[in-house]
Amino acid sequence: MTHASELPTPDTHALQHSQRLQDYIIDKIAVAGGAIPFHDFMQYALYAPQLGYYSAGAHKFGEGGDFITAPELSPLFAECLANQVQQVLKTLPDGIILEFGAGSGILAAELLLHLQALNSVPQEYWILEISPDLQQRQLKTLQQRVPDLVSRVRWLHELPSTPFKGVVLANEVLDAMPVQRFCVEAEQVLEYYVNFDGKAFVWEMRPAQDAALQSFGEQLRECVPTPYTTERNPYLNAWLQALSEPFQAGVILLIDYGFPAREYYHPQRDTGTLMCHYQHRAHTEPLILLGLQDITAHVDFTAVATAAEAANLEVAAYANQANFLLGCGLTEILLQHADKQEAREYIKLTQQTKILILPSEMGELFKVIALTRDWHEPLLGFVNDDRGRL
Ligand SMILES: C[S@@+](CC[C@H](N)C(=O)[O-])C[C@H]1O[C@@H](n2cnc3c(N)ncnc32)[C@H](O)[C@@H]1O
């Protein structure tokens, strides 16, 4: 973890961009007549049109960016996922793939390539991406990597209103949704608001107004010491409900870093899980580097399961990333590469494998949850189903 004072200084162009976003948020604070809740601040910092971290042109992913995700890290991730997707599409031959928040487009491109090799390319691959900048980047990646398959890809602006079947994917999307930040005190539940003091954004604590947050905080008080600061995703229920409506049959795979509620709201985790990423440095100060850094919170997978059940989806399986990828055939895939690749390339793949599956890297922190409708087969990636922990 890096201390905020040790972060690299942005260049002039980046600082000017950041200043424009700062002015935009100061206006929002003025319109609100005072401080705004942190989840609104996070929404603007990440998604303000043309200015937010995801909406504007910051590089974001990979070595030249701020952080690296599993599909960016290794082609093996998409190759494993393709096996799981193929299992579903075989049973639902007219099924489509819907990917939320497709980032640079690398997962879409590689999935399509592997599904082609497995004779299972879906008629359509839909991408629902809220960042226009990333939509452009995804199109470019797909045109370069899978020119003969790009015609199957369609960008949606909202969820379809007509029913569809197939596979829904969201890798590291839930952690990029704005969260409420709050503090459970002995007598009250306080919500973190953000104000501007003339020089910088500053925290302001106010009694929680949102009834759901208030009641969540009060229940939490039974199990944690006070004061206890943490987060909660207020958009999860509505998001899963909206997705559930047109989803007729198939499997929704949500992949992200996080824990079941018991571990998430652990008594010792009393400063929450809020994390910022800037040029591959992780730190905990979301009120600086506006528009230049990612802001995330870990995912409470118990809340995901509860929201899924409320939306009439079945919580079919849950596993950590290591078990999921091994279930999808990671070892066999790696062995096939050993025969095909040059030694140097193969060594690279083995190093990437370690990062994907070691418990000290991504293997344990990242989880995969499978939500289904009208689906009755055991899923390939979940031989070691761990729903009992949710
Ligand atoms: C951390 S990035 C992950 C990108 C990619 N899935 C990957 O693994 O490399 C988060 C992505 O989710 C998108 N996003 C965030 N909230 C979203 C939502 N509600 N619907 C669709 N996309 C969303 C962002 O614009 C961005 O593309």
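Roughly what % of DSSP beta bridges within the stretch 256-337 run antiparallel, to the nearest 5?
Counting DSSP beta bridges with both partners in the stretch 256-337, the antiparallel share is about 75 percent.
Enumerate the calculated ³J(HN,Hα) couplings along the stretch 269-281 in order (Karplus 6.51 cos²θ - 1.76 cosθ + 1.60, θ = phi - 60°), each rounded to whole Hz, writing x wherever the residue is Gly or Pro.
Couplings: 8, 8, 10, x, 10, 4, 8, 10, 10, 9, 6, 6, 10 Hz.
For the chain, with a Gaussian network of springs between Cα atoms less than 10 Å apart, report the residue from GLU110, GLU361, GLU72 with the top mean-square fluctuation.
Sorting by GNM fluctuation, first place goes to GLU361.
Would you kindly enumerate the cysteines in the chain that have no other Cys beta-carbon under 4.7 Å from their beta-carbon?
Isolated Cys, the chain: CYS183, CYS223, CYS276.
Counting other Cβ atoms within 10 Å, which trypsin sites (Lys or Arg not before Pro) in the stretch 148-212 have at most 10 and lie in a DSSP loop?
Within the stretch 148-212, the qualifying trypsin sites (Lys or Arg not before Pro) (loop, at most 10 other Cβ atoms within 10 Å) are LYS199.
Could you check how many percent of all C-alpha pairs in the stretch 14-93 are farther apart than 15 Å?
When all Cα pairs of the stretch 14-93 are counted, 69 percent exceed 15 Å.
With r defined as the distance between the Cβ atoms of GLN123 and GLU245 and R0 fixed at 30 Å, what FRET efficiency is calculated, to the nearest 0.05?
Computed FRET efficiency for GLN123 and GLU245 comes out at 0.90.
Mind pulling the angle between the C-alpha long axis of helix 38-47 and the longest principal axis of the chain? Nearest 10 degrees, somewhere in 0 to 90.
50 degrees
Could you tell me whether the stretch 329-377 comes out rounded, prolate or oblate from its Cα gyration tensor? Rule is a ≥ b ≥ c as square roots of the eigenvalues, rounded for a/c under 1.5, then prolate if a/b exceeds b/c, otherwise oblate.
oblate
Dividing the convex hull volume of the alpha carbon atoms of the stretch 262-328 by its residue count, what do you get in Å³ per residue?
Considering the Cα atoms of the stretch 262-328, their hull volume per residue is 162 Å³.
Report the full-extension gain for the segment GLN214 to HIS157: residue separation times 0.36 nm, less the Cα-Cα distance, to one decimal in nm.
Extra length from GLN214 to HIS157 when fully extended: 17.2 nm.
Pairing the Cα long axis of helix 301-310 with the longest principal axis of the chain, what angle in degrees results, from 0 to 90 and rounded to the nearest 10?
80 degrees
Would the stretch 271-390 count as rounded, prolate or oblate if I go by the C-alpha gyration tensor, calling it rounded below 1.5 in a/c and otherwise prolate when a/b exceeds b/c, oblate otherwise?
oblate
For the chain, what does the convex hull of the Cα positions come to per residue, in cubic angstrom?
Output value, Cα hull per residue: 148 Å³.
Just to check I understand the Karplus step: with θ = phi - 60° and J = 6.51 cos²θ - 1.76 cosθ + 1.60, what whole-Hz values come out for the stretch 161-167, glycine and proline as x?
8, 9, x, 9, 10, x, 10
Does anything in the stretch 351-390 have its amide N under 15 Å from the 7 Å Cα→Cβ label point of THR331, and if so which residues?
354, 357-358, 381-384
For the pair ARG20 and GLN116, what calculated FRET efficiency results from E = 1/(1 + (r/R0)^6), where r is the Cβ-Cβ distance and R0 = 30 Å, to the nearest 0.05?
0.10
List the residues, sorted by chain then number, that are 5 or more residues from VAL189 or on another chain and whose placed amide H is less than 5 Å from its amide H.
Residues meeting the amide H criterion: ALA208.
Where nothing but the Cβ of Lys and Arg (+1) and of Asp and Glu (-1) is charged, how large is the charge dipole of the chain around its Cα centre, in debye to the nearest 20?
500 debye
If you plug each phi of the stretch 186-201 into the Karplus form 6.51 cos²θ - 1.76 cosθ + 1.60 with θ = phi - 60°, what whole-Hz ³J(HN,Hα) values come out, in order, with x for Gly and Pro?
4, 9, 8, 10, 9, 9, 7, 10, 10, 10, 10, 9, x, 10, 8, 6
Name the lysines eligible as straight-distance cross-link partners of LYS199: C-alpha to C-alpha under 18 Å, and not fewer than 8 places from it in the same chain.
In chain and number order, the partners are LYS28.
Using amide H atoms built in the peptide plane, which far-off residues or other-chain residues are under 5 Å from VAL202 H to H?
Close amide H contacts, sequence-distant or interchain: ASN195, PHE196, ASP197.
Report the extension gain between GLN50 and HIS376 in nm, rounded to one decimal, defined as 0.36 nm multiplied by the number of residues separating them, less their alpha carbon distance.
113.0 nm
To make sure I understand, if each residue's beta carbon is the centre and we count other beta carbons within 10 Å, what order do ASP374, ASP386, ASP197 fall in, fewest to most?
ASP197, ASP374, ASP386
Counting only C-alpha contacts under 8 Å and six or more residues apart, can you give the relative contact order of the chain as a whole percent?
Relative contact order of the chain: 20 percent.
Classify the stretch 39-135 from the C-alpha gyration tensor, please: rounded if a/c falls under 1.5, else prolate or oblate depending on whether a/b exceeds b/c.
Prolate.
Modelled label-to-label distance, GLU342 and ILE355, 7 Å Cα→beta-carbon offset: nm?
2.1 nm
Just rank THR350, THR91, fewest to most, by other beta-carbon atoms within 10 angstrom.
Result, fewest neighbours first: THR350, THR91.
Compute the acute angle (0 to 90°) between the alpha-carbon long axis of helix 12-32 and the principal axis of greatest extent of the alpha-carbon atoms of the chain; round to the nearest 10°.
On a 0 to 90 degree scale, this one is about 60.
Each reported figure results from applying straightforward, stated rules to the coordinates on display, with no laboratory input. Just so we're clear, the structure is a prediction, and the values are computed from it rather than from any experiment. All Cβ positions, glycine included, derive from the backbone under ideal geometry; neighbour counts span all protein chains shown.
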